[in-house]
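Worksheet: the structure to be examined is printed underneath.
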Amino acid sequence: MEQWRQCGRWLIDCKVLPPNHRVVWPSAVVFDLAQALRDGVLLCQLLHNLSPGSIDLKDINFRPQMSQVISAVSRLSLHSIAQSKGIRPFPSEETAENDDDVYRSLEELADEHDLGEDIYDCVPCEDEGDDIYEDIIKVEVQQPMIRYMQKMGMTEDDKRSCCLLEIQETEAKYYRTLEDIEKNYMGPLRLVLSPADMAAVFINLEDLIKVHHSFLRAIDVSMMAGGSTLAKVFLEFKERLLIYGEYCSHMEHAQSTLNQLLASREDFRQKVEECTLRVQDGKFKLQDLLVVPMQRVLKYHLLLKELLSHSADRPERQQLKEALEAMQDLAMYINEVKRDKETLKKISEFQCSIENLQVKLEEFGRPKIDGELKVRSIVNHTKQDRYLFLFDKVVIVCKRKGYSYELKEVIELLFHKMTDDPMHNKDIKKSHGKMWSYGFYLIHLQGKQGFQFFCKTEDMKRKWMEQFEMAMSNIKPDKANANHHSFQMYTFDKTTNCKACKMFLRGTFYQGYLCTRCGVGAHKECLEVIPPCKMSSPADVDAPGAGPGPKMVAVQNYHGNPAPPGKPVLTFQTGDVIELLRGDPDSPWWEGRLVQTRKSGYFPSSSVKPCPVDGRPPTGRPPSREIDYTAYPWFAGNMERQQTDNLLKSHASGTYLIRERPAEAERFAISIKFNDEVKHIKVVEKDSWIHITEAKKFESLLSILSAIFGSPAPEGEVFEALAILAGLGWRAGGVLPVSLTQGKLQAVGHYTQVPLQVSGANHQQGLKPVSSFLRFLQLFFSQSSGPQLCPPGPFCSLLVSVHTAGHRHSRGQVQLCCSRHAGAVTARR
């Protein structure tokens with residue numbers, strides 16, 4: 001018998017698979033066993049069956065990993081603990097030989113099969129929640145009367161009366177259950193538990209008790225009047241019942257905390273047992289009672305649905321419909337809050353597993369899909385193995401490192417579009433036997449760096465493309481600008497109703513869409529039917545030909561504190577450019593749109609200033625490396641080296657430009673004319689930073705120019721220093737030994753010294769380019785904030801000494817010393 005079949009029978013003997021599981025069917029294949037084992041939950045149950053308490057679920061890594069599962073289970077079956085149960089281990093002597101080929105294609109089978117079915121359908125388990133609820137909250141409508149009505153024939157009014165009585169009596173029984181928990185558990189356990197543990201176990205149960213005290217009284221009053229106003233009671237309490245979202249979303253943690261306390265503290269366990277005997281003669285455990293509130297709140301819409309079905313001719317029928325919709329909306333809200341709690345836990349696991357990640361993943365929306373793909377940058381054409389995490393707003397590209405991931409790239413979907421790649425959808429197999437030929441593109445909207453993704457199968461490609469389309473549709477919905485609104489996906493701090501359907505925007509984060517003009521919220525599916533925006537006019541619409549407002553530049557960071565009263569927030573950082581949409585000179589709040597992302601909102605008017613009209617870039621940190629430099633006069637766009645030489649040679653010495661290097665690994669280069677020559681220095685991009693020397697790293701070209709423009713020396717002098725370095729044979733990231741003697745700068749080779757002739761008739765006149773060179777070293781080589789250099793002059797001689805520089809060492813050290821002062825600045829290159 002094959003080893004995998006023996007494995008399946010052994011798992012059945014251990015009572016973790018049912019006796020009739022499909023793994024023992026005559027038609028079974030190894031994939032049936034692999035599917036049952038693929039996420040490890042069954043193996044955890046197996047360890048529990050063999051040795052209860054031997055495994056702590058908190059220590060389990062829930063990220064699926066392909067491994068030698070059958071081999072691991074076989075070793076487990078041979079363990080003394082397993083054999084002490086009297087279960088025969090495997091493999092047996094009659095194991096089939098050379099069956100490795102059976103397992104070789106499991107990954108391909110997993111991709112080809114639909115794994116959407118219930119992963120846990122193989123483990124027999126009963127959902128005891130409903131049974132416990134029905135046992136505790138028994139329907140105690142007068143049985144003799146019901147039997148009499150059934151015998152005589154029940155009318156619709158009789159059935160309606162029974163529904164009303166069921167709602168009233170079950171609510172009363174539920175409220176008594178809450179009182180039992182408060183009186184017989186919460187009171188006594190305060191003596192042995194800390195406030196933190198009490199809050200963890202009982203959550204906001206005290207608030208629930210207060211709400212249901214009022215709720216039951218309102219139901220009783222309605223029933224005294226015949227129950228015709230019962231629907232109104234449910235509508236009035238809808239908002240107050242929202243607190244169930246907190247209770248239900250923390251239920252799993254509460255149960256876990258309770259079980260941990262029972263296992264670790266004998267005094268607590270004994271106290272709980274004493275309390276249990278006081279509640280319904282000890283029939284139910286505290287764990288059972290804590291589940292009842294979650295079961296109860298999800299029953300209201302079912303009770304109202306039954307009542308509505310027997311109220312066809314009642315005048316309150318329409319209000320009953322509204323009450324039913326309200327309770328259905330409440331149930332969906334609570335379920336979504338619970339689901340978001342689980343999603344945030346999953347996001348937190350991602351956050352901990354990705355190294356070098358400096359942002360909170362929950363800011364990127366909900367995770368859509370994650371997995372291994374091959375990624376190729378359109379710029380460098382290198383196909384690499386990568387692990388991708390796709391969220392609503394971004395795709396995070398990582399390199400896998402065991403159970404963790406190294407961050408490589410964060411791609412903002414707002415600036416990209418997805419296209420298919422049918423040309424590469426061929427069954428091409430690599431030497432290692434895996435197919436990675438099903439590709440699609442992610443292309444930048446402004447023609448900048450794009451990416452190509454390769455999937456192993458066509459089905460995998462289809463799933464990834466569907467999730468990409470869904471994510472892009474979430475951040476850029478088709479009807480985002482319907483009726484002159486400007487909707488963006490948004491996290492609402494308070495529970496908000498959709499302007500169109502009046503239902504809750506459900507969940508705890510990115511619940512829906514906010515109009516950045518008028519501040520109304522909406523579901524995605526309701527954007528088209530929202531009434532016209534009250535804060536907009538035809539001029540506000542982003543129509544072709546509409547002129548932009550005045551540009552402002554941020555002079556300080558603004559992250560929403562203080563917040564604009566009743567208005568959406570526009571957050572930004574120093575140096576961001578904002579297009580002003582609305583701004584009263586006397587108002588502390590202005591409305592604007594971030595140029596780079598097109599997001600709009602309100603911000604303090606004191607946090608911005610008019611953008612320079614001379615075309616200079618604003619100083620400070622740019623919001624992203626993906627910046628459009630075409631508006632700056634120094635940017636020449638895509639230009640060949642020879643074309644640049646021809647252009648600059650016709651201009652005066654000191655003229656410079658920054659250009660894109662076509663078909664080169666390094667994207668940008670600084671080109672400078674100095675004397676009669678044009679020099680080129682490439683800008684190195686590495687690890688999400690750019691630099692011309694590794695000692696000083698910048699986030700963009702704007703940051704480099706900001707350092708130059710912000711220095712005391714005119715920019716021309718600093719670029720002269722760049723030209724000096726280029727003339728001496730220096731290259732970006734390289735090491736150049738230099739010396740300075742009597743106003744002459746010299747490059748020091750291994751055997752020779754080549755003097756650089758400095759313009760000027762005397763030593764005093766020749767110090768200007770030397771000053772620029774030293775200032776350049778300060779700007780781009782110095783890693784410390786040491787003493788500043790004195791400006792060179794007749795009363796202050798300047799010395800430069802070079803240590804261990806040359807071809808024998810990979811890095812040199814230059815000391816810049818002022819003879820009049822004790823301080824020194826060291827530059828490592």
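Since every read-out is calculated from the coordinates, none of them should be taken as a lab result. All values reported here derive from a predicted model rather than from experimental measurement. Every residue, glycine as well, gets a Cβ built from its backbone with ideal geometry; the counts of neighbours run over all protein chains shown.
Based on the Cβ-Cβ distance of residue 313 and residue 1, what FRET efficiency does E = 1/(1 + (r/R0)^6) give at R0 = 60 Å, to the nearest 0.05? Show your work: numbers first, answer last.
On the way: r = 68 Å, r/R0 = 1.14.
E between residue 313 and residue 1, to the nearest 0.05, is 0.30.
What's the local net charge at residue 215, with K and R +1, D and E -1, over the other residues with C-beta under 9 Å away?
Working: positive: 217, 240; negative: 171.
With Lys, Arg at +1 and Asp, Glu at -1, the net is +1.
Can you give me the long-range amide H partners of residue 512? Hydrogens built in the peptide plane at 1.01 Å from N, cutoff under 5 Å, separation of 5 or more residues or another chain.
Distant-sequence amide H within range of residue 512: 490, 492.
Work out, step by step, the length gained on full extension between residue 571 and residue 358: first 0.36 nm times the residue separation, then minus their alpha carbon distance; give nm to one decimal.
Details: separation 213, 0.36 × 213 = 76.68 nm, distance 1.76 nm.
Extra length available between residue 571 and residue 358 comes to 74.9 nm.
Could the peptides 7-19, 356-368 be put in order, highest first, of the mean number of other beta-carbon atoms found within 10 Å of their residues? If you can, show how the numbers build up before the last one.
Working: 7-19: 19.2, 356-368: 16.2.
So the peptides 7-19, 356-368, ranked by packing, come out 7-19, 356-368.
With θ set to phi - 60° and the Karplus curve 6.51 cos²θ - 1.76 cosθ + 1.60, what are the ³J(HN,Hα) couplings of the range 213-221 in order, to the nearest whole Hz, using x for Gly and Pro?
Result, ordered by residue: 4, 6, 4, 5, 4, 5, 5, 4, 4 Hz.
What is the packing order of peptides 77-87, 344-354, taking the mean over residues of other C-beta atoms within 10 Å and listing the highest first? Provide the component values of the computation, followed by the final result.
Numbers: 77-87: 12.8, 344-354: 15.6.
Packing order, densest peptide first, comes out as 344-354, 77-87.
Once amide H atoms are built 1.01 Å from N in the peptide plane, which residues 5 or more positions from residue 589, or in another chain, come under 5 Å H to H?
Hits under the 5 Å cutoff: 605.
Which of 572, 606, 562 sits closest to the plus end of the dipole of the range 548-611, meaning its Cα is farthest towards the positive end, when Lys and Arg get +1 and Asp and Glu get -1 on the C-beta?
Comparing the listed Cα positions along the dipole, 572 ranks first.
Over 28 Å between C-alpha atoms is what I'm after, so list which of 345/524; 360/697; 299/534; 338/461; 368/401 land there.
Checking Cα-Cα distances, 299/534; 338/461 exceed 28 Å.
Can you give the net charge of the other residues whose Cβ lies under 12 Å from the Cβ of residue 275, counting K and R as +1 and D and E as -1?
Values: positive: 183, 190, 269, 271, 278, 285; negative: 180, 182, 273, 274.
Computed value for this residue: +2.
Indicate the gyration tensor shape class of the range 548-611 (rounded, prolate or oblate), computed on the Cα atoms with a ≥ b ≥ c the square roots of the eigenvalues: a/c under 1.5 is rounded; otherwise a/b larger than b/c is prolate and the rest oblate. Present the calculation step by step, with values, prior to reporting the outcome.
On the way: a/c = 1.30, a/b = 1.16, b/c = 1.12.
Rounded, because the longest to shortest axis ratio a/c is under 1.5.
Going by average Cβ neighbours within 10 Å, how do the peptides 293-306, 216-229 rank, with the highest at the top? Write down the numbers at each step before the final one.
Working: 293-306: 18.9, 216-229: 15.2.
Packing proxy ranking, top to bottom: 293-306, 216-229.
Please give the net charge around residue 192, taking every other residue with its beta carbon less than 15 angstrom from that of residue 192, where Lys and Arg add +1 and Asp and Glu add -1.
Details: positive: 190, 265, 269, 271; negative: 197, 266, 267, 273, 274.
Computed value for this residue: -1.
Could you work out the relative contact order of the range 479-537, using alpha carbon pairs under 8 angstrom and six or more residues apart, expressed as a whole percent? Walk me through the intermediate numbers first.
Values: 116 pairs, mean separation 23.4, N = 59.
Worked out over the range 479-537, it gives 40 percent.
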